[in-house]
Structure formats: C-alpha cells, structure tokens
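What follows draws every value from the coordinates through simple rules; no lab data is involved. These figures come from a predicted structure and were not determined experimentally. Cβ: placed from backbone, ideal geometry, glycine included. Neighbour counts: every protein chain shown.
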Amino acid sequence: RSIHHQSPALVERPPRSEIFSTGIKAIDLLSPLERGGKAGLFGGAGVGKTVLITELIHNVVG
C-alpha cells in the first residue's frame, strides 16, 4: 500500500473501545482508560503525579 494513498474517512473506521487495564484498582474502577486514548493528569505540587505515572509504567511493562 502506498504511503500517498488517501486515508479512510473517520466514519469508515471501526470503533475501538478496548479498556486499558492499569493494574491500579482505583483507576480501573473509578475512571477506566481506553487503550490508545488520551488522559489528563492534573494536580498540585507534591500530590504524586510522577509516582502514579511511574506505577502505570511498571504495571504495563511487567
């Protein structure tokens, strides 16, 4: 397939709604994430944003 080929229209793409299992029970229950989607992480200084991201990475990798 050529890289210059016209991409399919958004309505022609099949919907994907696979849940991304984070391994953190509170997130999986209260605000499940969609695989391949985007999520915002907001919080003040010292509330654990970096710790949460690090735990997500550890749970996803292995």
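At a glance:
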read-out: Computed FRET value (nearest 0.05) for Lys49 with Glu18, which takes r as the C-beta separation and R₀ as 30 Å; value: 0.75
read-out: Loop sites in the chain: GluC sites (Glu not before Pro), DSSP, at most 12 other Cβ within 10 Å; value: Glu18
read-out: Reported label for calculated Rg/Rh (Cα atoms, Kirkwood Rh) given [x] 1.14; [y] 1.62; [z] 1.00; value: [x]
read-out: Residue order, fewest to most surrounding Cβ atoms within 10 angstrom, among Thr54, Thr22; value: Thr54, Thr22
read-out: Local electrostatic count at Phe20 - Lys and Arg +1, Asp and Glu -1, tallied over other residues with Cβ under 13 Å; value: 0
read-out: Tilt relative to the chain, helix 49-61 - C-alpha long axis, 0 to 90 degrees, to 10; value: 60
read-out: Phi to ³J(HN,Hα) by Karplus 6.51 cos²θ - 1.76 cosθ + 1.60 over the range 14-20, Hz, x for Gly, Pro; value: x, x, 10, 9, 7, 7, 8
read-out: Extension gain (nm, one decimal) between Leu33 and Val11, 0.36 nm per residue minus Cα-Cα; value: 5.7 nm
read-out: Cα centre as origin, Lys/Arg/Asp/Glu Cβ charges: the chain dipole, Debye; value: 140
